[in-house]
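The values are calculated or read from the model by the stated rules, or taken from the named source; none is laboratory data. Remember, it's a predicted structure, so these values are computed and weren't measured experimentally. Methodologically, a virtual Cβ is constructed for each residue, glycine included, from the backbone with ideal geometry; neighbour enumeration extends over all protein chains shown. Accessible surface areas use protein heavy atoms only, side chains included; no ligands, DNA or RNA. Shrake-Rupley method; radii C 1.70, N 1.55, O 1.52, S 1.80 Å.
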Amino acid sequence: VAVRADDGLLVPFTADYDVHYGSVDVGSSRTQVQHAAEPGRWVIELRTKASGLAKLVVDGTLLQRSTFDLDPTGVRPVSYRFDDGTKQSDRDVKLEFDWRASRVRGTAEDEAVDIATAPGLQDAASIQALVLARLRHGAEPGTIDMIEKDRIKRYHYTLLRRERLKTAIGELETVVYRSARDGSGRETFFWHAPALGYALVQAEQHRDGKRAFQTRIRRYQQG
């Protein structure tokens, strides 16, 4: 899907969520989509902070940040950062996308990364921006390749249904999508609200058919 920088397919916003594991409140998260300083360049940042007993496992703030270009070819990541919130670097990821050379280089969990890109390749944060842009364009998310550490994995997005959902910010019409990889026991369900520019209002991750993590929106602010 061609995405033009002047189509208004992305709008800056901030969304806050409560995070649950089963029925237990384990923290909060924030997603921000903002313009970068350079024309046509954007930033999506996701921060997750543990609370309660979950702080015994993760006491810092987990950060994902992707800088990407939005141009006629689509959402094209420039750089990606993952910080697990600890002083150690053995779980951190830093990637740079060199599209002229068709390479992704950097480090993942203290190991060097240098692999070939794939057409439309996304990182773990920019993939969310691409889904938003496609939905706002009236297109399906479809199949998207995403780099995870030093491997490229393919995710298939399938529209399941439309659902009216009660949330902390009111009752909203949503479209529900399933994302999964071939041969994986993990699948994720996403509720996007057209009235909020298709911002995510709820998500659930299931493993082998059982729900694990769930996020629910608490606040949304455009701009």
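With only Lys, Arg, Asp and Glu charged, each at its Cβ (+1 for the first two, -1 for the last two), find how big the charge dipole of the chain is about the Cα centre; round to the nearest 20 debye.
540
Based solely on its DSSP helices, what 222 nm [θ] is calculated for the chain when runs of n ≥ 4 H residues each add -39,500 (n - 2.57) and the sum is averaged over all residues, nearest 500 deg cm²/dmol? Let's see the in-between values first.
On the way: 1 runs with 11 residues, N = 223.
Computed ellipticity for the chain at 222 nm equals -1500 deg cm²/dmol.
How large is the charge dipole for segment 67-140, taken about the Cα centre, if only the Cβ atoms of Lys, Arg (+1) and Asp, Glu (-1) carry charge, to the nearest 20 debye?
Working: 10 positive and 14 negative charges, 68 e Å.
About 320 debye.
Obtain the nm distance between the two label points defined at Arg151 and Gln222 by a simple spin-label model: each point lies 7 Å from its Cα along the Cα-to-C-beta direction.
Between Arg151 and Gln222, the simple spin-label model gives 4.0 nm.
How large a share of the accessible area of segment 129-196, in percent, is made up of carbon and sulfur atoms when the probe is 1.4 Å and the other protein chains stay in place? Each step should come with its number before you reach the end.
Working: 1530 of 3520 Å².
Carbon and sulfur atoms account for 44 percent of the accessible area of segment 129-196.
What accessible area, in Å² to the nearest ten, does a 1.4 Å probe give for Ile152?
For Ile152, the solvent-accessible surface is approximately 70 Å².
Compare the Cα positions of Leu172, Phe97, His137 along the charge dipole of the chain (+1 at Cβ of Lys, Arg; -1 at Cβ of Asp, Glu; about the Cα centre) and return the one farthest towards the positive end.
In the chain, that residue is Leu172.
Would you work out the relative contact order for segment 49-185, in percent, from Cα pairs under 8 angstrom that are 6 or more residues apart? Display every interim value, and only then the final one.
Details: 255 pairs, mean separation 19.3, N = 137.
After rounding, I find 14 percent.
Once you wrap a convex hull around the alpha carbon atoms of segment 129-223, what is its projected area averaged over all directions, in nm²?
6.9
Just the ratio, please: alpha-carbon radius of gyration of segment 106-159 over 2.2 N^0.38 Å, N its number of residues.
1.26
Using θ = phi - 60° and the Karplus form 6.51 cos²θ - 1.76 cosθ + 1.60, what ³J(HN,Hα) does each residue of segment 132-145 get, whole Hz, x for Gly and Pro?
Each residue of segment 132-145 in turn: 4, 4, 5, 5, 5, 7, x, 10, 7, x, x, 10, 10, 8 Hz.
Per residue, what volume in Å³ does the Cα convex hull of the chain take up? Present the calculation step by step, with values, prior to reporting the outcome.
Values: hull volume 28.5 nm³, N = 223.
In the chain, the Cα hull volume divided by residue count equals 128 Å³.
Please report how many Lys pairs in the chain have alpha carbons closer than 21 angstrom, counting only residues at least 8 apart along the chain or sitting on separate chains.
6
Any idea of Asp182's accessible area? Nearest 10 Å², probe 1.4 Å.
Only protein atoms counted, so the area is about 120 Å².
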